[in-house]
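The values are calculated or read from the model by the stated rules, or taken from the named source; none is laboratory data. Everything quoted here is computed from the prediction, not taken from an experiment. Virtual Cβ from ideal backbone geometry, glycine too; neighbours counted across all protein chains shown. Side chains included, ligands, DNA and RNA excluded: accessible areas come from the protein's heavy atoms. Shrake-Rupley method; radii C 1.70, N 1.55, O 1.52, S 1.80 Å.
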Amino acid sequence: MENKNNMKKIGLMMSLYMSLLMSVFMTITGVCTGMLPNVIKGNIPPQALIGSFISGFIISFVISMLIGLIIPMHKVTQAATKNMKPGLGKKCIESLLSDLIYTPLISVMMVAFAYFQNQRSGMPGPPYIVMLIPSLIACFIVGYILIFIFQPIFMRSLIRKYGPGAGPEGGPHIVEPHNKEK
């Protein structure tokens, strides 16, 4: 029972860590591909970047957490790569699968938010698809690199803390030596 609870903790913490990481960098990427050119041209004031980052981060984080809580990524990637030998090829496929699940949903929602925000405020802007394509491509690349590098690091850290051999509250399981009478 304790092992099952620890596995749930690992899954939840993994979702939290990856959601935070992906949200920060996907938002930066989205804001840079979507708004920075307009800031440079003088069409948008620079302070608009801050508001866009905050709202984009919140949207991205909520979507990422929902995906992480609904889709058991570890089970999905394990099922898809079960016949592959451990190594770089398997890691590349696992990263690609995670990227294909997270990135489109996050990008579509963040660009839709930015598009409708522009429409509502009366700012001129390109059609939705013109905003989406560069952002989606950039976010796929950034997302893949982040997942490839950080997912194994986070997983190792969480397994060390909550995995087999960890105590009930996390951390290493400490066995007290028996007191020997003198």
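Beyond 15 Å, how much of the Cα-Cα pair distribution for the stretch 95-160 remains, as a whole percent?
The proportion of pairs with Cα distances above 15 Å equals 59 percent.
Could you list, in their original order, any pairs among LYS82/LYS161; LYS8/LYS85; LYS4/LYS75; LYS4/LYS91; LYS8/LYS82; LYS4/LYS161 whose Cα atoms are separated by more than 23 Å?
Details: LYS82/LYS161 26 Å; LYS8/LYS85 26 Å; LYS4/LYS75 15 Å; LYS4/LYS91 25 Å; LYS8/LYS82 21 Å; LYS4/LYS161 14 Å.
Check vs 23 Å cut-off fails for LYS82/LYS161; LYS8/LYS85; LYS4/LYS91.
Once the whole set of protein chains is in place, how much accessible area is left on ILE71, using a 1.4 Å probe, in Å² to the nearest 10?
The accessible area of ILE71 comes to roughly 50 Å².
Could you give the length gained by full extension between VAL24 and LEU100, i.e. 0.36 nm per residue of separation minus their alpha carbon distance, to one decimal place?
Going from the current span to full extension adds 25.6 nm.
For THR81, what charge total do you get from the other residues with a beta carbon under 15 Å from its beta carbon, if Lys and Arg give +1 and Asp and Glu give -1?
Summing Lys/Arg as +1 and Asp/Glu as -1 gives +3.
How big is the convex hull of the Cα atoms of the stretch 1-66, per residue, in Å³?
Output value, Cα hull per residue: 60 Å³.
Using only the alpha-carbon atoms, how far is helix 48-70 inclined from the longest principal axis of the chain? Give it as 0 to 90 degrees, nearest 10.
Approximately 40 degrees, to the nearest ten.
What does the charge dipole of the stretch 49-138 about its Cα centre add up to, to the nearest 20 debye, if the Cβ of each Lys and Arg holds +1 and the Cβ of each Asp and Glu holds -1?
Computed about the Cα centre, the dipole is about 320 debye.
Which three semi-axes in whole Å describe the equivalent ellipsoid of the chain, each the square root of 5 times a Cα gyration tensor eigenvalue, listed largest first?
Values: eigenvalues 334, 71, 33 Å².
For the chain, the semi-axes come out at 41, 19, 13 Å.
Could you grab the relative contact order for the chain? Cα pairs under 8 Å, six or more apart, rounded to a whole percent.
Details: 156 pairs, mean separation 58.0, N = 182.
Here the relative contact order equals 32 percent.
Charges at C-beta only: +1 for Lys and Arg, -1 for Asp and Glu. How large is the resulting dipole of the chain about its Cα centre, in Debye rounded to 20? All intermediate terms of the calculation are to be shown ahead of the outcome.
Details: 15 positive and 6 negative charges, 83 e Å.
It comes to approximately 400 debye.
Over the stretch 65-143, give the accessible area per residue in Å² for a 1.4 Å probe, as an integer. Spell out each step's value before the answer.
Working: 4720 Å² over 79 residues.
For the stretch 65-143, the solvent-accessible area averages 60 Å² per residue.
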